[in-house]
Amino acid sequence: MNNISETYQVAIVGGGPVGLYLGLCLEQAGISNIILEKRSAPRPGSRSLGIHPISLELFKELNIVNNFIRDGVKIHKGHAFVNTKKLGTLSFQSCPKPFNFILALPQYRTESLLEQALTERNPNILLRNAAVNTITDNGQHVDITFKHNGKSHTIRSEYLVGCDGKNSLVRRQSGISFKGQYYPDTYIMGDFSDNTDFGSDAAIFICDEGLIESFPLPNNRRRWVVKTTDYIDDVSKEQLTSSVFNRIGHSLSDTEYNMLSSFGVQKLIADSMVKDHTILVGDAAHIVSPIGGQGMNLGWLDAHDLANILPQVLGNSFQKDAILNQYQKRRKHAAKIAIRRAEMNMKLGRKITTPFFREMMVSLMLKPPISQLMANIFTMRGIEKWPI
Ligand SMILES: Cc1cc2nc3c(=O)[nH]c(=O)nc-3n(C[C@H](O)[C@H](O)[C@H](O)COP(=O)(O)OP(=O)(O)OC[C@H]3O[C@@H](n4cnc5c(N)ncnc54)[C@H](O)[C@@H]3O)c2cc1C
């Protein structure tokens with residue numbers, strides 16, 4: 001075992017969007033912390049794009065929201081089509097102000113802005129090129145061993161937070177199981193230059209051959225997400241553009257693209273989100289289907305909740321077990337609601353045998369008062385309270 005080089009109240013493994021945000025919250029709360037991140041820079045390519053109003057409210061608390069708004073695109077509404085027939089528009093304008101929109105920003109940019117805010121406040125929190133390989137809970141604290149610039153180091157912390165994503169080493173080494181299932185749904189997606197008339201609006205096409213989603217991105221670009229019948233390993237531009245053209249008659253052939261990928265979808269929840277001195281947050285704790293764009297936002301809600309209770313837990317409150325237990329219950333509840341909402345979104349996009357019924361349902365969803373409920377669901381309102 002190496003000598004313990006430093007001690008912290010909290011060590012965070014993983015400096016993705018959730019670990020970086022948690023580091024900022026802990027810094028704000030005066031809790032000493034370090035983030036160990038194996039990558040040298042935010043992961044390129046673009047996974048998430050949607051920052052929901054509830055997260056913008058959290059960013060406002062930290063005084064960092066303006067940078068995100070400056071760089072992102074405000075989506076105030078989305079148009080719904082069944083095949084090429086427009087059924088209506090769902091507006092977020094009636095959602096609570098000032099954040100009555102979903103902000104579209106590629107994930108690497110979101111991570112860069114969080115990192116910038118963190119290093120401006122404290123340049124010593126984030127340690128990049130630090131790959132954690134062993135964690136040992138000694139009953140009183142946790143020892144964490146990692147490689148940095150080819151050398152092995154061990155640090156000690158009162159609590160360890162695993163923000164290390166879906167394949168979390170922290171979760172595996174803590175012996176916490178991750179249960180769930182694959183859905184049958186598969187998708188391809190690509191970011192193209194925008195040749196539509198949608199501007200900053202989103203568009204959802206519920207087609208007989210499967211869902212198409214189209215979202216604005218900064219710099220006059222647009223993301224297309226297309227449901228496929230099978231998983232496509234190595235997606236080509238031709239596959240995506242021909243699916244879009246065949247289903248809705250829109251041609252992307254002459255537009256350039258900077259990202260193409262494919263994904264299958266899963267739901268997974270960790271058996272425990274708290275075990276001894278280890279806490280799991282974000283994708284390490286739960287995986288939600290990206291359809292509906294909730295995973296990263298859900299992780300930020302976990303982190304915010306954790307940062308609120310940690311001062312009491314670290315203060316050696318005799319109630320700390322009860323506080324952590326309640327925390328875990330709240331986080332599992334929120335994850336289950338997000339999973340159910342994502343399932344609803346995916347169901348709408350599947351091939352069905354009763355098109356008339358589907359059209360009626362979607363039309364109903366776009367009319368008040370149900371449209372208000374749908375706007376709340378699509379902007380992740382009430383994720384911690386609602387029974388659906
Ligand atoms: C196609 C797609 C679209 C999506 N769209 C959205 C969306 O619109 N909105 C939304 O909210 N969510 C979306 N998501 C989900 C979102 O990308 C994830 O929920 C989010 O990245 C989770 O953040 P995280 O910080 O928990 O984990 P990650 O982003 O996985 O970050 C984990 C970090 O830990 C580091 N790490 C791992 N192991 C170690 C180790 N041993 N030592 C040190 N560092 C380590 C990794 O390098 C990484 O930086 C989407 C996902 C996909 C696949």
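The values are calculated or read from the model by the stated rules, or taken from the named source; none is laboratory data. Predicted, not measured: the structure shown is a model, and the values here were computed from it. Please note: Cβ atoms are built from the backbone with ideal geometry, for glycine as well, and neighbour counts cover all protein chains shown.
Residues are listed down the side, and each one gets a yes or a no for (1) in contact with a Pro (Cβ under 9 Å, 6 or more places away or on another chain); (2) within 22 Å of LEU103 (Cβ to Cβ); (3) not aliphatic (A, V, I, L, M):
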position: LYS151; (1), (2), (3): no, no, yes
position: ARG156; (1), (2), (3): no, no, yes
position: ASP164; (1), (2), (3): no, no, yes
position: VAL170; (1), (2), (3): no, no, no
position: TYR182; (1), (2), (3): no, no, yes
position: ASN195; (1), (2), (3): no, no, yes
position: PHE198; (1), (2), (3): yes, yes, yes
position: GLU209; (1), (2), (3): no, no, yes
position: LEU217; (1), (2), (3): yes, yes, no
Query - Qualifying position, being touching a Lys or Arg at 6+ places or on another chain (Cβ under 7 Å) and either touching a residue at least 12 places away in the same chain (Cβ under 8 Å) or farther than 26 Å from GLY15 by Cβ (or both), among ASP305, ASP254 - result: ASP305
Query raised in the report: Pick from LEU58, LEU24: which is in contact with a His (Cβ under 9 Å, 6 or more places away or on another chain), at pLDDT 95 or above and more than 8 Å from the ligand (Cβ to nearest atom)?
Result: LEU58
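Residue-by-condition table, conditions (1) at pLDDT below 95; (2) over 28 Å from PRO369 (Cβ atoms); (3) within 16 Å of the ligand (Cβ to nearest atom):
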{"position": "VAL10", "(1), (2), (3)": "no, yes, yes"}
{"position": "SER40", "(1), (2), (3)": "no, yes, yes"}
{"position": "ILE54", "(1), (2), (3)": "no, no, yes"}
{"position": "VAL82", "(1), (2), (3)": "yes, no, no"}
{"position": "THR89", "(1), (2), (3)": "no, no, no"}
Query raised in the report: Any idea which of MET365, MET360 is surrounded by 14 or more Cβ atoms within 10 Å (Cβ to Cβ) and more than 15 Å from GLY295 (Cα to Cα)?
Result: MET365
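A quick yes/no check of all residues on (1) surrounded by fewer than 21 Cβ atoms within 10 Å (Cβ to Cβ); (2) assigned to a loop (DSSP other than H, G, I, E, B); (3) away from the ligand (no atom under 16 Å from the Cβ); (4) without any contact (Cβ under 8 Å) to a residue 40 or more places away in the chain:
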| residue | (1), (2), (3), (4) |
| --- | --- |
| ARG156 | yes, no, yes, no |
| LYS166 | yes, yes, no, no |
| TYR187 | no, no, no, no |
| PHE192 | no, no, no, no |
| ASN219 | yes, yes, yes, yes |
| VAL226 | no, no, no, yes |
| ILE232 | yes, yes, no, no |
| THR241 | no, no, yes, yes |
Report summary line: ASP283 fails exactly one of (1) modelled with pLDDT under 95; (2) assigned to a helix (DSSP H, G or I), namely (1)
Query raised in the report: If you go through the stretch 294-316 one residue at a time, do you hit one that is within 13 Å of the ligand (Cβ to nearest atom) and assigned to a loop (DSSP other than H, G, I, E, B)?
Result: yes
Query raised in the report: Considering PHE263, PHE245, which residue is farther than 30 Å from LYS320 by Cα and away from the ligand (no atom under 16 Å from the Cβ)?
Result: PHE245
Query raised in the report: Quick one: which of ASN122, ASN138, ASN133, ASN100 is more than 30 Å from GLN312 (Cβ to Cβ) and out of contact with any strand residue (DSSP E or B) (no Cβ under 8 Å at 6 or more places or on another chain)?
Result: ASN100
Requested in this report: Could you please let me know if VAL161 is in contact with a Gly (Cβ under 8 Å, 6 or more places away or on another chain), modelled with pLDDT of 95 or more, part of a strand (DSSP E or B) and farther than 26 Å from TRP224 by Cα?
Outcome: yes
**Report entry** One residue from GLU6, GLU27 being touching a residue at least 60 places away in the same chain (Cβ under 8 Å), closer than 30 Å to ARG172 by Cα and touching a Lys or Arg at 6+ places or on another chain (Cβ under 6 Å)
**Finding:** GLU27
